[in-house]
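A quick write-up on the structure given underneath.
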Amino acid sequence: MTDNSFIREVDDAVRQERYKALWDRFGIYVICLALVLIIGAAAYNIWKYLEESQAETAGDAFTAALTLKNDADQAEATKAFGDLAKDGPSGYSILSRFQLASSQAKAGETEKAVAAYDELAKDRRVDAILKGLAKLQAASLRLDNADYAEMQERLNSLAQGKSAWRFSAQELLGLSAYQNDDLSAAEERFSALLVDAGTPRNMRDRANVMLALIVSQTAADSDSSASTGGSNESETEGAQDSETTTN
């Protein structure tokens with residue numbers, strides 16, 4: 001045996017002893033880490049499977065509930081949507097809550113529907129677009145009974161900036177101002193729709209109609225005021241002439 005071979009064998013023996021010592025010291029940790037990774041991967045795959053399975057089941061249930069609603073089986077549809085709203089995955093739960101609020105509105109339960117939409121608008125789990133929709137739905141249900149200040153509180157955040165719902169919010173605010181005899185505010189809201197290049201054509205047409213009504217009503221009010229003023233002036237002059245004659 002040459003010296004080089006002997007040295008190599010000694011190095012191999014020393015290396016093996018070091019490896020053994022390292023394994024004796026840290027081997028259990030390596031095994032535990034490997035087990036954690038294996039269990040974690042298995043758990044993730046199981047979770048994904050259960051999530052997809054649950055979403056598929058919820059999707060089928062939601063479709064079935066819509067079918068019941070379309071078939072005018074309102075009681076069963078309400079029960080189905082109620083179950084999904086309570087126990088379904090987040091997305092289907094939120095959509096089911098919208099369906100329940102819609103059904104309440106159609107049934108004339110306006111206060112309950114407004115409360116349901118208000119809750120959706122405040123729920124942090126609800127997407128921003130759907131929050132805006134909930135605000136609009138609640139405001140539209142309140143339109144005939146709310147004063148302009150309440151409608152501003154409900155819709156100003158949507159009417160400002162680049163919200164996807166700004167056009168509908170401006171229109172509802174204009175209608176509210178008009179119904180509450182604030183013609184100046186109504187004119188401002190409908191004019192804003194005409195200025196915005198993104199306003200849909202049908203909404204732009206409605207804004208033009210409302211502005212024409214506002215101009216017509218403003219002119220009529222002005223003529224009425226002028227007529228009343230002229231009449232009062234004539235009566236005053238007549239009274240003065242009568243007094244002069246009497247004297």
(message) Would you confirm whether or not the stretch 85-100 contains a residue that is within 21 Å of LEU158 (Cα to Cα), of a type outside the set (A, V, I, L, M), surrounded by 15 or more Cβ atoms within 10 Å (Cβ to Cβ) and touching a residue at least 24 places away in the same chain (Cβ under 8 Å)?
(response) yes
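Hey, among LEU193, LEU130, LEU120, which residue is free of Cβ contacts under 8 Å to residues at least 60 places away in the same chain and over 28 Å from GLU76 (Cα atoms)? Before the answer, list the steps.
Numbers: LEU130 fails: over 28 Å from GLU76 (Cα atoms); LEU120 fails: over 28 Å from GLU76 (Cα atoms).
One residue alone meets the criteria, LEU193.
Does ALA75 satisfy the criteria of being out of contact with any strand residue (DSSP E or B) (no Cβ under 9 Å at 6 or more places or on another chain), under 25 Å from SER157 (Cβ atoms), without any contact (Cβ under 8 Å) to a residue 24 or more places away in the chain and of a type outside the set (D, E, K, R)? Can you show your working first?
Details: out of contact with any strand residue (DSSP E or B) (no Cβ under 9 Å at 6 or more places or on another chain): yes; under 25 Å from SER157 (Cβ atoms): no; without any contact (Cβ under 8 Å) to a residue 24 or more places away in the chain: yes; of a type outside the set (D, E, K, R): yes.
Judged against the criteria, ALA75 is not a match.
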(message) Please go through (1) modelled with pLDDT under 95; (2) farther than 21 Å from SER96 by Cα for ARG124 and return the number of the only condition it doesn't satisfy.
(response) (2)
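Would you check if ALA149 is surrounded by 15 or more Cβ atoms within 10 Å (Cβ to Cβ) and part of a helix (DSSP H, G or I)? First the steps, then the outcome.
Numbers: surrounded by 15 or more Cβ atoms within 10 Å (Cβ to Cβ): no; part of a helix (DSSP H, G or I): yes.
No: the conditions fail for ALA149.
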(request) Hey, can you tell me all the residues within the stretch 164-190 that are more than 16 Å from MET203 (Cα to Cα) and not in a helix (DSSP H, G or I)? (result) ASN180, ASP181, ASP182
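Please go through the stretch 117-133 and pick out each residue that is in contact with a Leu (Cβ under 8 Å, 6 or more places away or on another chain) and either surrounded by fewer than 11 Cβ atoms within 10 Å (Cβ to Cβ) or more than 19 Å from GLN160 (Cα to Cα) (or both).
To start, the set of residues in the stretch 117-133 that are in contact with a Leu (Cβ under 8 Å, 6 or more places away or on another chain) comprises 117, 120, 126, 130-132.
Within the stretch 117-133, TYR117, LEU120, VAL126 meet the criteria.
The values are calculated or read from the model by the stated rules, or taken from the named source; none is laboratory data. Bear in mind that the values here come from a model prediction, so they are computed numbers and not experimental data. For neighbour counting, all protein chains shown are included, and Cβ atoms are generated from backbone atoms with ideal geometry for every residue, glycine included.
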